[in-house]
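Dropping a structure here in structure tokens format, bear with me for questions.
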Amino acid sequence: MSLDGATLFASNLAALTVRSKELSEILMNTEPVLLEAGIARNGEATARAGQRWLHSSYDPSLEARRLADEAMAAVPDLVVVLGLGLGYAARAVLALGGKVAAIEVDPAWLSALFHVADMTDLLADTRFSLVLCPAGDGLASYLELVNPRSITVVDNKTTLGTYADAATRLHEQLDRFSRKDAINQATLERFGRLWVRNMARNIRPAAGLPGVARIAGTFAGMPALVLAAGPSLDDVLPGLQDMAARMVIVCVDTALRSVLRAGVRPDFVVVVDPQYWNARHLDRCDIGDSVLIVESAVWPSVLRFRTRQTFMCSSIYPLGRYIEERLGPTKGALGAGGSVATTAWDFARTLGCAPVYMAGLDLSFPGGKTHARASLFEQRSLAGGCRLKPASGDAFQAMRGGQPYQARANDGSTVTSDKRLSLYAWWFSSRLAASPATPTLNLSAHGLEIPGMPYVPLADALALPPCRDAIDAALDALVAPASSAAVPEMEPILRQLVDDLNHVAGLADEAIAIADEAIVIAEEGQAIDARPHDATIRRLALIDEAVLASRARDVVGFLFASAAQALGTPPRSFQESLGHTSRLYRAVAESARWHAEQILGRS
């Protein structure tokens, strides 16, 4: 090893230690693979493994700029660089204002890179993250943790070619995340305004509700049963009363009717879906002895149900976060994997319960069924069925509507699942890997096999010792009447929010006027020489900075599924770029004013 290599490695390691002491210690104790440093024809540094160059042997920077331009054309939240190489692609993305997660799969390879190139500038940039995914595992957990709204990918062909099996696993995880991103985008387009309207109606009643952070850990060491509404819930119901004597019962809204019919009052009922029909799951259901767990975007009638107590989790939506940050204290975050069952499991984990048993979590269609018999979905299908349109048709449409495929079930048989449900399984698998203190077991023999959530028969759960007295004592303690604290004053917060929204709308109007004026000049054939051109860019850049600095930035941007959707295809000229700017800021102005109207009209 040359002195230069040792010096580079020590410098890079020192910079990495500031960001990740754990990864630094791994590299310190890893022998590097052999990489040969070289010089490209343009004089820039490059390297190769055997006969394969990590970057262009002619112009590595030009190659990286082309990759970065393509990656940033969609204006992603995060660019995932599979194979750091010498950092050219990562630097090019950062130069365009993007955020980068560089993924490596072998610490020996990463150690070698640290011996041949200076990475200190990258490691010092907070927009850059270096993630080690040994053998290709762990990328799903990282993406779930940072939760970018959109990603694009840059491949280092040499790195991925060297670690082909790991590369396959990385791309599988990226494909799953991209499917989730597409579903989120479609969901936002369909329900985004509904969520905001609900939150605007709920601002006042939600302000005084305690947060789930207040009860974190209060059931530490007690087993929990999380009840979802899959078809296998019916198999569990005959033994549910016996299990209720042994476990904390956490029930999702869709399973509530089934559970009550079995003669069990859940300890906790979780309702976080904002749609109207999810509120209807509570119709004519007595939950006066249950504790309700909600999110601020639920259908407003949910907050009016008579319950033993209602606790609120932190909002996953920008409007809710804006208000919560100014009200304080933090309500307490719960995981949101796209299904209420994911939130219910994370709530059981937050309570400190261990182990956690899942019932009705099929994530598939065992026996061609979609839900437990007593669920509202199933009852609506049965009530609406007729000879020419039988209820089984609804189940068939549900099975065929989400790209169905055959998958392995917990008992080793084959079951029909679909791409949407597989995303929930992926969420559980990644969260379970990151939560070893919460062992989780599945009571559904015929449901989709979920890595990290082994199947156990119902008899195992029924063999637990009774602990209902301890559970009831803990419940009594957490719902004991608290001192009547005054509801936080909302008016100053709401006035400030409306002022912030109107300020953003005004900035957007100014940007539209600047862009439209420049477009008219260009269309009339007047030359846009360098100085006016530069002046236009500077004026728009100042407005961009002001909008990005606004406290209402995330609230306004929530209704955009992605910047790429608002902008359209990448511009090919300065005039097209101005058109993009005008369209984007019209959407910004409309969103800001619409949010302000909702706050003023509902609060």
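Let me see the pair-distance distribution of the range 49-92: every alpha carbon pair, 10 Å bin width, integer percents in order.
27, 53, 17, 3
Let me ask something else about it. Residues with amide H under 5 Å of Tyr455's amide H, sequence separation 5 or more or different chain, H placed in the peptide plane at 1.01 Å from N; which?
Asn442
I'd like the Karplus ³J(HN,Hα) series for the range 45-50: coefficients 6.51, -1.76, 1.60, θ = phi - 60°, whole numbers in Hz, and an x wherever there's a Gly or Pro.
Listing the rounded values in order: 6, 8, 7, 9, 10, x Hz.
Mind giving me the FRET efficiency for Glu590 and Ala463? R0 is 60 Å, r the Cβ-Cβ distance, nearest 0.05 is fine.
Numbers: r = 59 Å, r/R0 = 0.99.
Efficiency for this residue pair is about 0.50.
Also, I was wondering about something else. Using 0.36 nm per residue, how much length does the chain from Arg326 to Leu145 gain when fully extended, once their Cα-Cα distance is taken away? Spell out each step's value before the answer.
On the way: separation 181, 0.36 × 181 = 65.16 nm, distance 2.41 nm.
Full extension of this stretch gives 62.7 nm more.
Separation between the Tyr276 and Arg48 pseudo-spin-labels, each 7 Å from Cα along Cα→Cβ, expressed in nm?
Inter-label distance under the simple model: 6.7 nm.
Within the range 195-222, list the residues whose amide N lies under 17 Å from a label point set 7 Å along Cα→Cβ of Leu600.
Those under the cut-off are 197, 200-201.
One-quarter of the Cα convex hull surface for the range 257-334, in nm²?
Values: hull surface 21.3 nm².
Averaged projected hull area, Cα only: 5.3 nm².
Binning every alpha carbon pair distance of the range 3-181 at 10 Å from zero, what are the percents per bin?
P(r) over the range 3-181, rounded to whole percents: 10, 39, 40, 10, 0.
Quick one: order Met72, Met28 by neighbouring beta-carbon count within 10 Å, fewest to most. Spell out each step's value before the answer.
Values: Met72 19, Met28 14.
Listing Met72, Met28 from fewest to most nearby Cβ atoms yields Met28, Met72.
Right, another one. Starting from the amide H of Ala333, placed 1.01 Å from N in the peptide plane, find each other amide H under 5 Å away whose residue is 5 or more places distant or on another chain.
Here the answer is Ser314, since their amide H atoms fall under 5 Å of that of Ala333.
Report P(r) for the range 433-480: all Cα-Cα distances, bin width 5 Å, range 0 to the bin holding the largest distance, values in whole percent.
For the range 433-480, the binned pair fractions read 5, 17, 16, 15, 19, 16, 10, 3, 0 percent.
For the range 261-313 and the range 103-117, write down the distance between their C-alpha centroids in whole Å.
51
Give me log10 I(q)/I(0) at q = 0.15, 0.17 Å⁻¹ for the range 173-278, Debye formula, one equal scatterer per alpha-carbon, no solvent.
Results for the range 173-278 at q = 0.15, 0.17 Å⁻¹ read -0.92, -1.04.
Another question, if that's okay. For the range 16-174, what proportion of DSSP beta bridges, expressed in % and rounded to the nearest 5, is antiparallel? Don't skip to the answer; put the middle values down first.
On the way: 6 of 20 bridges.
Antiparallel bridges make up about 30 percent of those DSSP assigns within the range 16-174.
At q = 0.05, 0.07, 0.09 Å⁻¹, what base-10 log of I(q)/I(0) does the Debye formula yield for the chain when every alpha carbon is treated as an equal point scatterer in vacuo?
Debye intensities relative to I(0), on a log10 scale: -0.27, -0.53, -0.87.
Please go through the range 236-293 and write out the trypsin sites (Lys or Arg not before Pro) that DSSP classes as loop and that have at most 12 other C-beta atoms within 10 Å. Don't skip to the answer; put the middle values down first.
Numbers: sites: Arg246, Arg257, Arg261, Arg280, Arg284; in loops: Arg246, Arg284.
When the trypsin sites (Lys or Arg not before Pro) of the range 236-293 are filtered for loop state and at most 12 Cβ neighbours within 10 Å, Arg284 remain.
Relative to the longest principal axis of the C-alpha atoms of the chain, give the angle of the C-alpha long axis of helix 164-207, reported between 0 and 90° and rounded to the nearest 10°.
Between the helix axis and the principal axis of the chain, the angle is about 60 degrees.
In degrees between 0 and 90, to the nearest 10, how far off the longest principal axis of the chain does helix 419-433 point, with axes built from Cα atoms?
That helix lies at roughly 90 degrees to the long axis.
I've got another one for you. Angle, helix 107-116 long axis vs. longest principal axis of the chain, Cα atoms, 0 to 90°, nearest 10?
With both axes taken from Cα atoms, the answer is about 20 degrees.
Read the figures in this text as sums done on the coordinates, not as results from a lab. Keep in mind the model is a prediction, meaning the values are calculated, not measured. Neighbour counts are summed over all protein chains in view; Cβ atoms, including those assigned to glycine, are modelled from backbone coordinates with ideal geometry.
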